[in-house]
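These notes concern the structure reproduced below.
The values are calculated or read from the model by the stated rules, or taken from the named source; none is laboratory data. Remember, it's a predicted structure, so these values are computed and weren't measured experimentally. In this analysis, Cβ positions are derived from the backbone assuming ideal geometry, glycine residues included, and neighbour counts consider all displayed protein chains.
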Amino acid sequence: MKVGVVDYGVGNLGSVARALEELRARPVLIDHVSDIAMADSLILPGVGGFKECKALLDAAGWTEALREAALVRDTPLLGICLGMQLLADFGMEGASDAAGTPGLGLIPGQVQSLISLGCAARIPHMGWNSVSWYPPSTLLSGIPSGTDFYFVHSYAFVAEDPGNIIAVTDHGIPVTAVIGKGRIWGTQFHPEKSSRAGLRVLRNFIEGASC
Amino acid sequence: MLKVRIIPTLLWKQLGLVKGVGFDSWRRVGPVLPAIKVYNQREVDELVLMDVAAHAFGDEPDYESVSEFGQDCFVPLTVGGGIVCLDQVQKLLRAGADKVAVNTATYANPELVSAIASRHGTQCVVASVDVRRREAGGWECFSHAGREPTGRDVVGWVRELEDRGAGEILLTSIERDGTMGGYDLDLVAAVALAVTIPVIASGGAGNYQHMVDAVLQAGASAVAAASMFHFTEQTPAEAKKALAAAGIPVRQNFVPVMEKAL
């Protein structure tokens, strides 16, 4: 099982690849769009600003390649943290106008700042927080609802279709923790840094979770 | 609900882990890798790894060692020591760091914080601030592992760091460091009030009650400790129990759902 980790110049790629190795998967850092087709599944990591990262994706042709992989070839895709947010239609972080920066448009929704969503707690939302879900999802198979995962973010995914919200957490306001649509997934938390619970999420993803 | 983190701090000098008192009198603690493995197995919330000799030599960060240390670390790993430019941050993230801690270089070049934040996100930048109490009141920031006074008052400085995009403040009291006499609660409270980003209390933890006090009295979002875990029988797991008993939310270890028998 070759898991392609999209390397577009940002992100804790070493940690993601290492977690996949621990699961006996074969992580391949993909730093060119032409190599995307060789992956059985794709992970889009990401740390940083929505606008900057989207610009990096656009510049190297990742945007079209990722959309094609997910929509045409049905390659399973997991976005982590900012990688999840980039799945949205629009992101407000760093955007120069009110409409926001266009995202990959793979799961309908917008990415907004926790402050604009009414969060009064300390930001970034940083640390371990319990994640809840109902009904159970194949991505979270084997994990009890309420398990703690590691978060670090200041923006959140606001899904247009509540049916795409798989799990939530609470940071003074409800925050989308997992989104899913078919074989396209996103986790706001970092599974690669969420110890055994996070490794289980990655395992579920590699083993073909879908919704 | 967000949990209060308990963070072992690992200070690394040349080949092994060390711990000092007041940023001096370093004692050897042991090799780095087994310590990281043990903490990972015990599911600590997070680890901070600082190369305390880095700035003295002006060398590049030791990416190879970081890569080795990160191999078995599936909890967040912050790496600091000697970081002066964006390029080094990218290499550390590739080597297995999840966040970087910056300190000395930020006084001469505060733009470094903004640059890391805009490229890698605010969550990636841990601003490490080492301070001593002033006789006249307040606290002064020190660079170069606590040796060089900067003339900066801590409250003004942490506000600037926050404005520039730091994701959290790792706040260490140099006088309390290694004493195990308790955190400087006034300091932690002053900084936690001055910024809205999370503040990690560091320097002085000697027992679980000190950690409880840092959270409940001073408003710390996380508590770091080194000597207490290196030189006493106290552990992060027991610290969690003590915090929980004091009504502080702490992370529970993952217990898998029983799978159906095949």
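Mind checking which residues of the stretch B:197-219 are in a strand (DSSP E or B) and β-branched (Val, Ile, Thr)?
Correct list: B:Val199, B:Ile200.
For the subset of the stretch A:119-169 comprising residues that are among the aliphatic types (A, V, I, L, M), part of a strand (DSSP E or B) and touching a helix residue (DSSP H, G or I) at 6+ places or on another chain (Cβ under 7 Å), which member is farthest from B:Pro198 (Cα to Cα)?
A:Ile166
Would you check which residues across the stretch A:9-62 are crowded, with 21+ Cβ neighbours inside 10 Å, part of a helix (DSSP H, G or I) and of a type outside the set (Lys, Arg) and list them?
A:Leu13, A:Gly14, A:Ser15, A:Val16, A:Ala17, A:Ala19, A:Leu20, A:Phe50, A:Cys53, A:Leu57, A:Trp62, listed by residue number.
Being in a loop (DSSP other than H, G, I, E, B) and modelled with pLDDT of 95 or more is the filter; apply it to the stretch B:236-262 and report the residue that is nearest to the other protein chains (Cβ to nearest Cβ).
B:Arg251
I need the full set of residues from the stretch B:121-177 which are of a type in the set (Ser, Thr, Tyr) and under 26 Å from A:Leu82 (Cα atoms), in order please.
Residues satisfying the conditions are B:Thr122, B:Ser128.
Can you name the residue in the stretch B:102-128 that is more than 14 Å from chain A (Cβ to nearest Cβ) and of a type in the set (Gly, Ala, Ser) and, of all such residues, is surrounded by the fewest Cβ atoms within 10 Å (Cβ to Cβ)?
So the residue we want is B:Ala108.
Out of the stretch A:63-99, which residues are under 13 Å from the mean Cα position of the chain (by Cα) and not in a helix (DSSP H, G or I)?
Of everything in the stretch A:63-99, those that are under 13 Å from the mean Cα position of the chain (by Cα) and not in a helix (DSSP H, G or I) turn out to be A:Pro76, A:Leu77, A:Leu78, A:Gly79, A:Ile80, A:Cys81, A:Leu86, A:Leu87, A:Ala88.
Taking into account only those residues within the stretch B:221-235 that are away from every other protein chain (no Cβ under 11 Å) and assigned to a loop (DSSP other than H, G, I, E, B), which is surrounded by the most Cβ atoms within 10 Å (Cβ to Cβ)?
Once the filter is applied, the top-ranked residue is B:Ala226.
Please identify the pairs in which a residue from the stretch B:1-29 that is in contact (Cβ under 8 Å) with a residue 60 or more places away in the chain and within 12 Å of B:Met50 (Cβ to Cβ) has its Cβ atom under 8 Å from the Cβ atom of a residue that is part of a strand (DSSP E or B) and among the polar types (S, T, N, Q), counting only partners at least 6 apart or on another chain.
B:Thr9/B:Ser202
Is it the case, given these coordinates, that B:Glu162 is among the acidic types (Asp, Glu), outside any loop (DSSP other than H, G, I, E, B), in contact with a Ser or Thr (Cβ under 9 Å, 6 or more places away or on another chain) and without any contact (Cβ under 8 Å) to a residue 24 or more places away in the chain?
So B:Glu162 fails the test.
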